[in-house]
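One structure is given below, encoded as structure tokens.
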Amino acid sequence: MNERWARKVMRALLGPAANAWKRPDLTLLSGLSDKDTVNEALFKAPVDPKRIEEVLERYGLHGSFKDYRIGPSVTTYEVEVPVGTKLSSVERYREDIARDLGVPSLRIVKATSGSMRVGFEIENGVRLPVDFKALVENIPKDMALPIILGEDTYGRGLYRDLADMPHLLVAGQTGSGKSVFMVSILSTLCALLGPDRLRLRLVDPKRVEFAEFKGDPHVDGAVAYEVNEARAVLNSAVVEMEHRFEILEEARCRNIKEYNKAHPKEALPYVVVAVDEFADLMLMGKRDERQAVVQAFVRIAQKARAVGVHLLLSTQKPMATVVTGLVKANLPARAAFQVSSSVDSRVILDENGAEALTGMGDMLYRDPTARLESERLRRVQAPWVSPENLRVLLGREV
């Protein structure tokens, strides 16, 4: 009964649009040209390493410069401090050190690349572009829902599988790059997976962020604009989640991967519920309506991983009443773009740092799977997807 229900639902959802879908030719993506690249040998570091040592001495902090790494948005200076140096004392003078160095922003990293060195991340005078085409070409093949986070401060591509995360919270102030990041995630998934393997349910209160996806064969129904429509999208996701658990129970499978492998003809697609401004749902309406939204978010976040339903939430209002402890407990993977204060950073990441970001896609990614302290919070430059590349990803190239 449940398998017949699954086939019926899939036919209704996919319809003729899925049959008309054609995998886009990713070789048409435009990469960096010679004029866009910067020769690292000629790249001028933002600060003389000797100055860092001199400034630290002014505050009674003894440090010895060891190395520096050039990233897309910042250069990381690795400084070795004596054993027993309290890192809190270094952090306490962060703003003073930045002022004395004459740099607009400074972030201090407690440990770099698994070493005992302290990192000083200083904004580059010239931002190095991230080659989106190269990142796409190097996506790992073993990921069910691959996400391109971008390049880290060492210039290495960073990828994660949304199916394993299993949800992602994105937050940052207006203009920091979070909506561009959301679009790059969704468009890349649409390019790699057909409508029979991926379904999108989109909520866009601003009406413009997900405009490119209108009519896309991956999207279930229309993009939700109003609060009531958004609540309906959430409720439908909860209903589908419960139906899928019934299907897995009848098939005696523990998760969607086992089920799809055992029943390829009735394979269930992954579902990504993307909400561009979920604060509207958390703050608007009557109290019982707001509580219903929170309960829906939490139910999906707690249970839906096994059946292939995943949340991608974004907000420009990182307030404690929006990004609550309950929300954070169930969405451990978080991406913080530039925010206005350390308070906002702590709301998103539970620690400072996002207030020292440089904007334009510069973000901190909190990785719940990281084992090393230096990799628990990764600084990443998210790629910019040009309008031309977006059309290629969505199969609308001329």
Test item: Cα-centred dipole of the stretch 123-197, Lys/Arg +1 and Asp/Glu -1 on Cβ, debye
140
Packing-based ranking, highest mean first, of 338-347, 94-103 given that Cβ atoms within 10 Å are counted:
338-347, 94-103
Residue-count net charge about V385 - beta-carbon cut-off 11 Å; Lys, Arg +1, Asp, Glu -1
0
In the chain, once you exclude exposed chymotrypsin sites (Phe, Trp or Tyr not before Pro) (DSSP loop, at most 15 other Cβ within 10 angstrom), what's the longest stretch remaining?
226-398
Find how many whole Å separate the alpha carbon centroid of the stretch 233-249 from the alpha carbon centroid of the stretch 330-398.
30
Distance violations [Cα-Cα > 31 Å] among K110/K257; K133/K206; K50/K178; K66/K86; K206/K261; K265/K303
K110/K257; K50/K178; K206/K261
So in the chain, what percent of DSSP beta bridges are antiparallel if you round to the nearest 5?
60
Relative contact order (percent) for the stretch 49-123, with alpha-carbon contacts under 8 angstrom and 6 or more residues of separation?
30
To the nearest 0.05, what FRET efficiency results for R391 and K66 with a Förster distance of 45 Å applied to their C-beta separation?
0.50
S64 neighbourhood, Cβ < 13 Å, K/R = +1, D/E = -1, net charge -3
Please report, ordered by residue number, every helix of the chain (full DSSP H runs) that is 30 Å or longer along its axis going by C-alpha atoms and whose mean Kyte-Doolittle hydropathy reaches -0.5.
227-251
What value, in deg cm²/dmol to 500, does the helix sum -39500 (n - 2.57) over DSSP H runs of n ≥ 4 give at 222 nm once divided by the residues of the chain?
-10500 deg cm²/dmol
I need to check one value: relative contact order of the chain, counting alpha carbon pairs closer than 8 Å and at least 6 residues apart, in percent.
21
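Taken together, the values in this text are just the output of simple stated rules run on the coordinates, not laboratory data. Note that the coordinates shown come from a computational prediction; the quantities given were computed from them, not determined experimentally. Because the Cβ atoms are built from the backbone with ideal geometry, glycine has one as well, and the counts that use them run over all protein chains shown.
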